[in-house]
Amino acid sequence: MNAVGLTQSSEEFVLVNIVEEIVREKVREAVRETGGCPCRKCELNACALALNALAPKYVTTERGRLLARVGLMNPDYLMKVSIEVAKALKVVRERPLH
Ligand SMILES: [Zn+2]
């Protein structure tokens, strides 16, 4: 595996929950597809609900982030995320915070 542009020396340490990134993308996608409220309040609320239902996956480097993402990009896991996102959006739709 050739990680283009990623050298050890320029690597910065971060603390990122990779599941959060995936959920944020899925929520945006689902809101577009289902015509949900696209405001930031609803989006973040849905992200929080879905993330509370999923185990976090923290990484500390950009390389770790990429590897973890690849590891999570399998149909079973993505289906699990989609189900939690759908549940979260349903809650937000029924009880919006605005
Ligand atoms: Zn809204």
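The values are calculated or read from the model by the stated rules, or taken from the named source; none is laboratory data. These figures come from a predicted structure and were not determined experimentally. With ideal geometry, Cβ positions are generated from the backbone for all residues, glycine too; neighbour counts draw on all protein chains shown. The accessibility values were calculated without ligands, DNA or RNA, using every heavy atom of the protein model including side chains. Shrake-Rupley method; radii C 1.70, N 1.55, O 1.52, S 1.80 Å.
For the reader, a short list of remarks on this structure follows.
- Convex hull volume of the chain per residue (C-alpha atoms, cubic angstrom): 115
- Mean residue ellipticity, 222 nm, helices only, the chain: the sum of -39500 (n - 2.57) across DSSP H runs of n ≥ 4, divided by residue count and rounded to 500, is -21000 deg cm²/dmol.
- Accessible area (Å², per residue) of the stretch 47-98, counting only protein heavy atoms and a probe of 1.4 Å: 65
- Lone cysteines, the chain (no partner Cβ under 4.7 Å): CYS39, CYS47
- All lysines inside 20 Å of LYS57 as judged from Cα atoms, apart from same-chain residues fewer than 8 positions distant: LYS26, LYS80
- The value of relative contact order for the chain, using C-alpha pairs under 8 Å at least six residues apart, is 40 percent.
- Net charge dipole size for the stretch 15-94 [Lys, Arg +1 and Asp, Glu -1 on Cβ; Debye, nearest 20]: 100
- The share of accessible area on the stretch 29-98 that comes from carbon and sulfur is 58 percent, using a 1.4 angstrom probe.
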